[in-house]
Amino acid sequence: MNLKANYTHLIKTEAKRLGFLSCGISKAQFLEEEAPRLENWLNKNMNGQMQYMENHFDKRLDPTKLVEGSKSVVSLLLNYYPLEFQQDKTAPKISKYAYGTDYHFVIKDKLKSLLNFIQEEIGEVDGRAFVDSAPVLDKAWAAKSGLGWIGKHSNLLTQQVGSFYFIAELIIDLDLEYDLPTTDHCGTCTACIDACPTQAITEPYVVDGSKCISYFTIELKENIPSDFKGQFDDWMFGCDVCQDVCPWNRFSKSHSEPLFNPHPELLSMTKKDWEEVTQETFSKVFKKSAVKRTKYSGLKRNIEFLKS
């Protein structure tokens with residue numbers, strides 16, 4: 001086994017040991033196919049008020065501009081599909097990814113461990129860890145490294161696994177063996193397009209972010225436009241509809257990460273509990289959750305919007 005193959009094997013084995021679902025590696029270079037797509041999407045204002053999507057255009061497309069001297073993008077998937085769900089079927093809903101501890105913290109720790117391992121085992125390797133918090137096109141890199149294909153709902157999809165996982169990267173200045181992209185297995189299926197409550201999937205593989213329930217309930221800081229009344233399907237934080245209806249998610253298995261388990265009270269809260277939720281309950285139930293992003297006032301706004 002040559003050095004490159006040896007290093008690649010070492011990294012993938014350690015990623016698995018750390019609990020990652022899978023690990024794929026691509027050459028750090030300009031994302032040629034993504035450039036016109038991203039430009040077009042931004043020109044149509046499909047990012048809504050997510051102004052940050054317009055920043056660092058070059059860095060988004062070229063990892064060598066983000067991490068100097070980088071040679072490889074190591075993409076990793078971490079399963080978050082829960083074992084149990086919210087019990088009251090009439091209660092406002094939270095996206096499954098936000099049930100437990102905020103994924104940024106959980107994954108950052110795992111990535112740091114992986115980078116430390118690489119430095120200890122291989123030597124002088126420089127790099128940075130990314131979890132959805134810098135201008136990195138996570139899904140494009142994961143698809144490039146063979147971890148799945150981008151589905152018609154614009155999420156990464158993997159055969160036998162589905163799409164309920166987080167994507168993260170290590171961008172490092174080490175040459176490794178690169179994986180090949182996989183093929184698209186959406187076929188003629190349009191389940192996600194047909195099911196989207198706000199018609200945010202404007203055509204296959206294109207999501208208008210400014211119409212997405214996740215955007216309205218998390219990113220939008222002002223009032224939700226009244227034209228969307230009655231279209232939220234009871235989602236108060238995020239939305240899983242396009243993933244829930246996807247046939248590939250029949251294969252989803254529950255995660256084994258204790259930190260992703262929800263606060264004991266979360267799943268048993270009734271519709272009435274949510275409608276009367278206090279700042280105190282919010283702070284307790286979502287102490288370390290990604291839901292804190294929308295703040296108590298944001299969650300109250302979302303719940304009120306569902307009521308009227």
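I'd like to check something: does segment 278-291 contain any residue that is open to solvent by less than 60 Å² (accessible area, probe 1.4 Å), farther than 14 Å from Ala98 by Cβ and touching a residue at least 24 places away in the same chain (Cβ under 8 Å)? No - not one qualifying residue is present in segment 278-291.
Taken over segment 67-85, the criterion of being open to solvent by 20 Å² or more (accessible area, probe 1.4 Å) and not basic (Lys, Arg) is satisfied by Glu68, Gly69, Asn79, Tyr81, Leu83, Glu84, Phe85. Of all the residues in segment 33-78, those that are of a type outside the set (Gly, Ala, Ser) and not in a loop (DSSP other than H, G, I, E, B) number 27. Against the test of being surrounded by 15 or more Cβ atoms within 10 Å (Cβ to Cβ), modelled with pLDDT of 95 or more, more than 30 Å from Lys12 (Cβ to Cβ) and of a type in the set (Ser, Thr, Tyr), the options Thr198, Thr158, Thr188 yield a single qualifying residue, Thr198. Scan segment 2-32 for residues that are surrounded by fewer than 18 Cβ atoms within 10 Å (Cβ to Cβ) and in a helix (DSSP H, G or I) and the total you get is 10. Contact map, segment 256-276: first residue open to solvent by 70 Å² or more (accessible area, probe 1.4 Å), second residue in a loop (DSSP other than H, G, I, E, B) and modelled with pLDDT of 95 or more, Cβ cut-off under 6 Å, separation 6 or more or different chains; pairs are Leu259/Gly100; Leu259/Thr101; Asn261/Gly100; Lys271/Asp88; Lys271/Thr90; Lys271/Ala91. Residues in segment 51-75 that are at pLDDT below 90 and in contact with a Phe, Trp or Tyr (Cβ under 7 Å, 6 or more places away or on another chain): Leu61 alone.
Which of the residues that make up segment 90-131 are within 25 Å of Phe282 (Cβ to Cβ), in contact with an Asp or Glu (Cβ under 6 Å, 6 or more places away or on another chain) and either modelled with pLDDT under 95 or part of a loop (DSSP other than H, G, I, E, B) (or both)? Across segment 90-131, the qualifying residues are Pro92, Ser95.
The values are calculated or read from the model by the stated rules, or taken from the named source; none is laboratory data. Please read these numbers as outputs of a predicted model, since none were measured by experiment. In this analysis, Cβ positions are derived from the backbone assuming ideal geometry, glycine residues included, and neighbour counts consider all displayed protein chains. Please note that ligands, DNA and RNA were not included when accessible areas were found on the heavy atoms of the full protein model with its side chains. Shrake-Rupley method; radii C 1.70, N 1.55, O 1.52, S 1.80 Å.
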